[in-house]
Structure formats: structure tokens, C-alpha cells
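Report on the following structure.
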Amino acid sequence: MHTIIASLEFPLWLRASHYLNLLFIGLLMRSGIQILGAHPRLYWNDGCKPGSEWIKFTRNKIPKDKLYTSMDDEIPVTLVLALPGDIPPASDFHPYDPLQQLAYAAVVFLLGPFMILTGAAMSPSIEGRFPWYVKIFGGKQSARSLHFLSLIAFTIFIIIHTALVLIVHFQDNIRNIVFGDPNGNTGLAILIAVIALLIVAVIYIWSSWYSLRHKRKMQNALGALVDPVLKALLHREKSKQQYKQSDITSYFWVNGRPPESEEYKRLAQYNFAEWKLEICGLVEQPLALSLADLRQLLKQTQITKHNCIQGWSGVAEWAGAPLTEVLKLCKPLPEARYLVFTSYQKGKGAVKPELEEAQKHTFYEVIDMELARHTETILAYEMNGEPLPIVHGAPLRLRVETVLGYKMVKYLKSIELVKDYSTIGQGRGGFREDFQYYGRSAEI
Ligand SMILES: Nc1nc2c(c(=O)[nH]1)N[C@H]1C(S)=C(S)[C@@H](COP(=O)(O)O)O[C@H]1N2
Ligand SMILES: [Mo]
């Protein structure tokens, strides 16, 4: 008996990996639940029309009489579940039988990779560069739904696995998983296991506490880890989207309300005849372009998929002037590295009232010269063949098709070319980076 058992010894790496798995898979699940709360609906279609979801985690009804944005639809998720979370108003030891082996193999070799593959299908830059890849999963929202169902499968596996370990020959199991063989002191094994579990629990609690308390440090630390990887892998990828007219979705969520300033209202009243886009900073030729001027430039039309960080998507046809055409006119100086897009809109329309410090600040976002020169980077004045609707950013908005929606400034007022953006706003490269701690890289 003991010889069989000895041949099945659990090596230390395997024992320790249970705790590491619990720690990291748990953290991953918790951050997944957080992002689900940002758009608490799951669909099998990429238009995300309210009512077309197969499951929702909100009781919010969509009002018919007023503008309801994706921001209004967000729900807070308690920090007990989500990371960082919001504060709302785991016989004797028998050789594995075939079923058990199949279950474990499925989790490790199927479910795990499937999570990674469906995760990649949600990245705007992968979607932009390899639109065919996303189609394998039936679209972005199907990928997101499948990703969620895999989370449920993972959770069910963990519950059943842990329950069986506890129910079936617990004493042998606990000695095996702590000491690597079924001999030894059960009490000591339990003690070590409990301490290890407590350490995991403490890290869980600490991670919520730390990320809520030190948002900026967290943003910087994660950025330092993630940004170089994104830059090396995804930043250079150019969007190759060319969806068909029939792919255009009947619904397109709005995120960011129209500006409330008198100045903007007046411009809108006269159909933006007086509106001019100011182009300034490190350029040979500063410009003030009217809509008519912009319409005289090369007109580029593209049908692309928009991906908001919250999780929703939509396909629309955009038309406008390629940013490269405007760059030809203003002739950037050699030291120009970034473009700052400033909006007519203030934070009030872009974030929830709870974010007090953000309310009075102007919405702006920064992109670098490389993104600016991508083939599908345009200044759009038309959506689906019509002049850009007010709610989607009239008279002009930025479209960069390999990044998340938050970079695509609506209600454009000016473009400034700069060498460095650390003195602009709070210096993080955009309004959402400044006040909502979004990443500087928006490829995922
Ligand atoms: N001025 C301004 N531009 C903005 C925003 C905003 O709040 N204000 N929201 C951004 C975000 S987060 C997204 S997802 C898209 C939404 O564009 P849409 O409202 O046309 O769908 O606009 C981006 N541009
Ligand atoms: Mo967004």
C-alpha cells in the first residue's frame, strides 16, 4: 500500500501551486467580476442593444425619455467579491480514476487556454489587426460571454474539487497536500494548511485595501509592468478592419454626455458653422480648420468595431479626414512626440458625480505619433453616412481603431503637438487616466 502511495508522492511545487493558484486565479476572478460590473450585461451579438442580452446583473430599466449612457448602467460590486471592489451605497489516496484525470486535464489543458484565447478576443488591438480571430468565437460579445461561462466552470470545478477533498478521506488528503505523502501528523498538516489559507486571505483583503487606498501607486506599478509588454506586442499593430455594411449594429451605446457650455450650445445651434479645430504646439504651421476645410481633405470611410473598456461594443461606419492628412498640413516639428486632443466637454458629462475632483476638468486624451499615423486613425465628422450626431461627438471626434474607446475624444476643440505630456492635466496622458486610473496603454 505504502509503496503505491510513495510512487504518487506530491512534489512540493504541486503542493505550493495550490495556494498560488488559489491566490492568483482568485485575484483574476475578482478583477474579472469588477470589470463585469462596469457593463453588467452579456450578449451573443456585438451591437449590445439593451434587451438583446442573454443575462444581466442589474435591475436598471433603460428610460425611454432621456439619454441613458453606459456610465449610468454601471453597477458597484462589493469589495468582498470584486477587485478592487466598490463600497456600495477547497479513502485513502487512490490513484486518480479516469474521470478525475479527465476533469483535471480539461481544466488545465482546455479551460485555462480557452480563458486566455477568449481573453485575447476582447482586446481592441487584436480585434483591430486580426478581425478574423474574433470571428472564430462568434464576435467580441460571444467571446466575452464564453469567457464568463468559463469563469462559472472554473468556479464549479473549484467548489467540487475542494468539497471532494474535504469529504473523501480528508485526513489523508490534508497530509498529502501539505507534506507530499500520507504519513505525518494530521494536526500539524491542518495547522500549516490553515496558515497558508490565512495568508491567501490576508493578501486578498490587502489587495482590495491597497488598490483602493493607493490608486495612483497601483496605476503606476501596473503600468510599469504592463505598458512595455503592450508596447512591444500590440502598439505597432495597425487596424485592418473592414466590416460590411450589414455588420453595422442597430445600437451604439453613448459614453460621455454632450457639453453643457453656452459656447458649445451656440456652436451646435448654428450647425457648427463657426466651429474651428485649432491645431497648435510643436508645428511649423499652426492651423484653424473649419468643418468645410476638413471636408475638403481626403475623405476616408471605414466600418469598424468600437470597444469600450466597460465591455460593450458596437459596429459603425465612420468617415472623416485621416489624421496624417492634417499632419501634412501642420508639419510637426521633429521634437513633437504626442498629440493632445482636447474636448469642449468637461468632466461632469464624462464621469459620475461622485468623482468630485474630475467635474470641472476638461476632457482630453493623448496619443503618440505612431498611433496618429496608423492608417485607420481619422478625425470623423460622419457616422453611418450622417453628420456626426451630437451624442457621438459632433462636430468632430477622434477614431483610433486599435485602442479602447476612451482615447477617442468627442466634441473636439483642439489638437496640440507636444514633446511631453507630464504638465498637461494631471500628467497621466488623459482625463480617464488622470481621474479614473485607466492605463496609459489602451490596447487591451
Ligand atoms: N469628450 C469626450 N469624449 C469621449 C468620452 C467622454 O466622456 N467625453 N468618452 C470616451 C469613451 S470612454 C468612449 S467608450 C467613447 C464613447 O463614444 P460614443 O459615446 O460615441 O459611443 O467616447 C470616448 N470619448
Ligand atoms: Mo469607454
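Beta carbons closer than 8 Å, at least 6 apart along the sequence or on distinct chains, pair a first residue in the range 165-187 that is closer than 19 Å to Trp13 by Cα with a second that is outside any loop (DSSP other than H, G, I, E, B) and hydroxyl-bearing (Ser, Thr, Tyr) for Ile174/Thr186; Arg175/Thr186. Yes or no: the range 341-353 includes at least one residue that is within 16 Å of ligand 2 (Cβ to nearest atom), hydroxyl-bearing (Ser, Thr, Tyr) and out of contact with any Gly (no Cβ under 7 Å at 6 or more places or on another chain). Yes, that holds for at least one residue. Against the list (1) closer than 21 Å to His235 by Cα; (2) surrounded by 23 or more Cβ atoms within 10 Å (Cβ to Cβ); (3) in contact with a helix residue (DSSP H, G or I) (Cβ under 8 Å, 6 or more places away or on another chain), the condition Tyr411 fails is (1). Could you identify the single residue in Val400, Val340, Val418 that is in contact with an Asp or Glu (Cβ under 6 Å, 6 or more places away or on another chain) and of a type in the set (A, V, I, L, M)? Result of the check over Val400, Val340, Val418: Val340.
Taken over the range 389-426, the residue count meeting the criterion of being within 14 Å of ligand 2 (Cβ to nearest atom), part of a loop (DSSP other than H, G, I, E, B) and touching a Lys or Arg at 6+ places or on another chain (Cβ under 8 Å) is 5. Looking across the range 239-292 at every residue that is within 23 Å of the chain's Cα centre (by Cα) and away from ligand 1 (no atom under 15 Å from the Cβ), the one that is surrounded by the fewest Cβ atoms within 10 Å (Cβ to Cβ) is identified as Gln242. A single member of Ser70, Ser52 is of a type in the set (Ser, Thr, Tyr) and away from ligand 1 (no atom under 16 Å from the Cβ), and it is Ser52. Considered as a group, the residues in the range 250-272 that are in contact with a helix residue (DSSP H, G or I) (Cβ under 8 Å, 6 or more places away or on another chain) and among the aliphatic types (A, V, I, L, M) include one that is nearest to Ala350 (Cα to Cα), and that residue is Val254. Cβ separations smaller than 6 Å between residues 6+ apart or across chains give the following pairs from the range 339-355 residues that are over 25 Å from Arg266 (Cβ atoms) to residues that are more than 16 Å from ligand 2 (Cβ to nearest atom): Leu339/Ala372; Leu339/Ile415; Leu339/Leu417.
Might you check whether a residue that is more than 13 Å from ligand 1 (Cβ to nearest atom), over 22 Å from the mean Cα position of the chain (by Cα), closer than 24 Å to Tyr421 by Cα and not in a helix (DSSP H, G or I) occurs anywhere in the range 339-353? Within the range 339-353, one or more residues are more than 13 Å from ligand 1 (Cβ to nearest atom), over 22 Å from the mean Cα position of the chain (by Cα), closer than 24 Å to Tyr421 by Cα and not in a helix (DSSP H, G or I). Taking residues in the range 306-332 that are under 30 Å from Gly32 (Cα atoms) and in a strand (DSSP E or B), and partners anywhere that are within 16 Å of ligand 2 (Cβ to nearest atom) and basic (Lys, Arg), the pairs with Cβ atoms closer than 6 Å and at least 6 places apart or on different chains are Ser313/Lys140; Ser313/Lys305; Val315/Lys305. Only one entry in Glu401, Glu376 is surrounded by fewer than 22 Cβ atoms within 10 Å (Cβ to Cβ), under 21 Å from the mean Cα position of the chain (by Cα) and more than 10 Å from ligand 1 (Cβ to nearest atom), namely Glu376.
Looking across Arg432, Arg373, one residue alone is within 14 Å of ligand 2 (Cβ to nearest atom) and out of contact with any Asp or Glu (no Cβ under 7 Å at 6 or more places or on another chain). It is Arg432. Can you name the number of the only condition in (1) in a helix (DSSP H, G or I); (2) surrounded by fewer than 22 Cβ atoms within 10 Å (Cβ to Cβ) that Glu382 fails? Checking Glu382 against (1) in a helix (DSSP H, G or I); (2) surrounded by fewer than 22 Cβ atoms within 10 Å (Cβ to Cβ), the one that fails is (1).
Here Ile415 clears all of (1) of a type in the set (A, V, I, L, M, F, W, C); (2) over 27 Å from Ser211 (Cβ atoms); (3) within 13 Å of ligand 1 (Cβ to nearest atom) except the condition numbered (3).
Across the range 259-274, what is the number of residues that are in a loop (DSSP other than H, G, I, E, B) and out of contact with any strand residue (DSSP E or B) (no Cβ under 7 Å at 6 or more places or on another chain)? The qualifying residues number 6.
No value in this document is a laboratory result; all are computed from the given coordinates. Quantities reported herein were computed from a predicted structural model and do not represent experimental measurements. All Cβ positions, even for glycine, are placed from backbone atoms using ideal geometry, and neighbour counts span all protein chains on display.
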